[in-house]
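Below you will find the structure I want to go over with you.
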Amino acid sequence: MMTNSFVEHKFLEQIPSELSTILMALGLPRFCVRQLRRWIFARKTTSFDKMTDLSKETRKVLTEQFGTIFQGKVLTHDQSVDLTEKLLIEWSDGERVECVLLRDDRNHRTACISTQIGCAMGCLFCASGMDGFVRNLTRGEILEQFLRLNSLLPDHERLTHVVVMGIGEPLLNLDTLLSALDDVTALDGLNLSVRRVTISTVGIPSGIRKLAESVVRNGKSYKLAVSLHAPNDELRTQMIPQNRFSGINEILNASDDYFEQTGRRVTFEYILIAGLNDQSEHVRQLVHLLKHRTAIVNLIPLNPVMELNFQTPSAKAVAWFAGQLESQGIQVKVRFRKGDKIGAACGQLRRIHR
Ligand code: SAH
């Protein structure tokens, strides 16, 4: 039997039509794609051997052709008291990536997945970019994160939500991400509503426009979250170096266009760092930017990163900031931290395990 490193095709890299072509060339019936997709997406099966409605011969051919369904190896699997689970996956080139399963009391089962190994954005407060950018993840590697997280759930449960908020800048690996999300939202895939998929970006106007175009083309209006984090360009460029290429205005204009073209309200993420961006002048500036926009602000108290010298504001300071925005008509949500004990935030686990 061939091992995965020598196989001609990696299974999850193939979009359904490519898979069809390969199977037909192997002399397998067309409906085999349907069976395979049901096993993998609906029944969470991770091995050809367990697909008992395929003949032994077919299973053998599939194994010879593709090796295994998954390409990676789970290096660590942690679970925190709040039932957040985190996987560190290693790919065949030795590079590693993190993904997280979040549970809440509204029965949401949310997958948080990565799109790149490392990150080129270099945000001051984030662990993901501290060692720079290595490479984009492939379609199969992105899809594998979803499938592995889905299979952590008991048989009767399924992923209900997706947030693309792991390592990397999704808009810089957009085509690949969208290809994987096609399977996440397909009826014969994981069958998630597109409305329950959020893509978070550092704010790249050309990328936001490209995403909007894809929505117009295929009708999949994913939810867009933009990491604003600061209400003026001077502070934002200090926190997010990428800001020097566009500036806040251009990002907000692209976000307005996204809203217009998709009808989906954009979320602005705002990480709160004590003394840096949580003062009354910041409230004032933020209100000025957003008061005439249909937007929602997601406040994220900083998740402290070991090597970085930033402080999380007190709960009182967070509540004050939220209250100030609300009193001026801005809709606010505070994102509570989950899984900090297992390094579930923002690229921390990949750095710990080096
Ligand atoms: N590149 C995308 C996805 C990154 S992670 C983006 O920039 O949006 C998702 C969110 O976590 C982003 O808003 C990011 O700024 C935020 N984040 C990064 N480091 C953080 C930290 N230490 N504490 C809290 N949030 C953090």
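The values are calculated or read from the model by the stated rules, or taken from the named source; none is laboratory data. No experiment lies behind these values; they were computed from the predicted model shown. FYI the Cβ positions are ideal-geometry reconstructions off the backbone, even for glycines, and counts take in every protein chain you see.
Could you look through the stretch 258-268, keep only residues that are over 18 Å from LEU178 (Cβ atoms) and surrounded by fewer than 18 Cβ atoms within 10 Å (Cβ to Cβ), and pick out the one that is farthest from the chain's Cα centre (by Cα)?
GLU260
Here are some conditions: (1) at pLDDT 95 or above; (2) more than 30 Å from VAL226 (Cβ to Cβ). GLN116 meets all but one. Which one does it not meet?
(2)
Taking the stated definitions as given, is ILE69 β-branched (Val, Ile, Thr), touching a Ser or Thr at 6+ places or on another chain (Cβ under 9 Å), under 30 Å from MET24 (Cβ atoms) and not in a loop (DSSP other than H, G, I, E, B)?
Working: β-branched (Val, Ile, Thr): yes; touching a Ser or Thr at 6+ places or on another chain (Cβ under 9 Å): yes; under 30 Å from MET24 (Cβ atoms): yes; not in a loop (DSSP other than H, G, I, E, B): no.
Answer is no for this residue.
For the structure I just gave you, tell me whether ILE271 is of a type outside the set (D, E, K, R) and either within 19 Å of the chain's Cα centre (by Cα) or crowded, with 20+ Cβ neighbours inside 10 Å (or both).
Values: of a type outside the set (D, E, K, R): yes; either within 19 Å of the chain's Cα centre (by Cα) or crowded, with 20+ Cβ neighbours inside 10 Å (or both): yes.
So ILE271 passes the test.
With ASN107, ASN173, ASN191, ASN136 as the choices, which residue is buried (at least 20 other Cβ atoms within 10 Å of the Cβ) and of a type in the set (S, T, N, Q)?
Exactly one of ASN107, ASN173, ASN191, ASN136 is buried (at least 20 other Cβ atoms within 10 Å of the Cβ) and of a type in the set (S, T, N, Q), namely ASN173.
Quick one: VAL61 ticks every box in (1) more than 19 Å from the chain's Cα centre (by Cα); (2) over 24 Å from LEU171 (Cα atoms); (3) assigned by TED's automatic domain parsing to the domain that holds ALA180 bar one, so which box is it?
The single condition VAL61 does not satisfy is (3).
Here's something else I'd like to know. Kindly list the number of the only condition in (1) more than 16 Å from the ligand (Cβ to nearest atom); (2) within 27 Å of the chain's Cα centre (by Cα); (3) modelled with pLDDT under 95 that fails for GLN331.
The failed condition is (3).
Does the stretch 144-151 include one or more residues that are aromatic (Phe, Trp, Tyr) and surrounded by fewer than 23 Cβ atoms within 10 Å (Cβ to Cβ)? Break it down stepwise before answering.
Within the stretch 144-151, the first condition is being aromatic (Phe, Trp, Tyr), and the residues that meet it are 146.
Still in the list and also surrounded by fewer than 23 Cβ atoms within 10 Å (Cβ to Cβ): none.
Among the residues of the stretch 144-151, not one is aromatic (Phe, Trp, Tyr) and surrounded by fewer than 23 Cβ atoms within 10 Å (Cβ to Cβ), which makes the answer no.
Here's something else I'd like to know. Residue under question is ALA317, and the condition is that it be more than 22 Å from the chain's Cα centre (by Cα), within 16 Å of the ligand (Cβ to nearest atom) and surrounded by 13 or more Cβ atoms within 10 Å (Cβ to Cβ); does it hold?
On the way: more than 22 Å from the chain's Cα centre (by Cα): yes; within 16 Å of the ligand (Cβ to nearest atom): yes; surrounded by 13 or more Cβ atoms within 10 Å (Cβ to Cβ): yes.
Answer is yes for this residue.
Here is a follow-up. Run down SER214, SER200 and say which single residue is among the small types (Gly, Ala, Ser), within 16 Å of the ligand (Cβ to nearest atom) and either farther than 25 Å from ASN277 by Cβ or crowded, with 18+ Cβ neighbours inside 10 Å (or both). If you could, list the steps in order and put the result at the bottom.
Numbers: SER214 fails: within 16 Å of the ligand (Cβ to nearest atom).
When all the criteria are applied, what remains is SER200.
Which of the strands (runs of 3 or more DSSP E) contained wholly in the stretch 250-345 include at least 3 residues that are under 25 Å from CYS99 (Cβ atoms) and free of Cβ contacts under 8 Å to residues at least 60 places away in the same chain? Before the answer, list the steps.
Numbers: elements: 266-272, 295-301, 331-334.
Qualifying strands (runs of 3 or more DSSP E): 266-272, 295-301.
Considering each residue of the stretch 236-249, count those that are more than 12 Å from the ligand (Cβ to nearest atom), at pLDDT 95 or above and in a loop (DSSP other than H, G, I, E, B), and give that number.
1
Right, another one. Going by the conditions given, is VAL81 in a loop (DSSP other than H, G, I, E, B), surrounded by fewer than 16 Cβ atoms within 10 Å (Cβ to Cβ) and either in the same structural domain as GLU13 (by TED's automatic domain parsing) or out of contact with any Phe, Trp or Tyr (no Cβ under 8 Å at 6 or more places or on another chain) (or both)?
Values: in a loop (DSSP other than H, G, I, E, B): yes; surrounded by fewer than 16 Cβ atoms within 10 Å (Cβ to Cβ): yes; either in the same structural domain as GLU13 (by TED's automatic domain parsing) or out of contact with any Phe, Trp or Tyr (no Cβ under 8 Å at 6 or more places or on another chain) (or both): yes.
Yes, satisfied.
Another question, then. Residues being small (Gly, Ala, Ser), away from the ligand (no atom under 11 Å from the Cβ) and on the phi < 0 side of the Ramachandran plot: count how many of those fall in the stretch 74-133.
3
Does ASP233 satisfy being within 28 Å of ALA180 (Cβ to Cβ), surrounded by fewer than 21 Cβ atoms within 10 Å (Cβ to Cβ), modelled with pLDDT of 95 or more and in the same structural domain as HIS108 (by TED's automatic domain parsing)? Write out each step before concluding.
On the way: within 28 Å of ALA180 (Cβ to Cβ): no; surrounded by fewer than 21 Cβ atoms within 10 Å (Cβ to Cβ): yes; modelled with pLDDT of 95 or more: yes; in the same structural domain as HIS108 (by TED's automatic domain parsing): yes.
Answer is no for this residue.
Name the single residue that is surrounded by the fewest Cβ atoms within 10 Å (Cβ to Cβ) among those in the stretch 217-228 being part of a loop (DSSP other than H, G, I, E, B) and out of contact with any Gly (no Cβ under 9 Å at 6 or more places or on another chain).
GLY219
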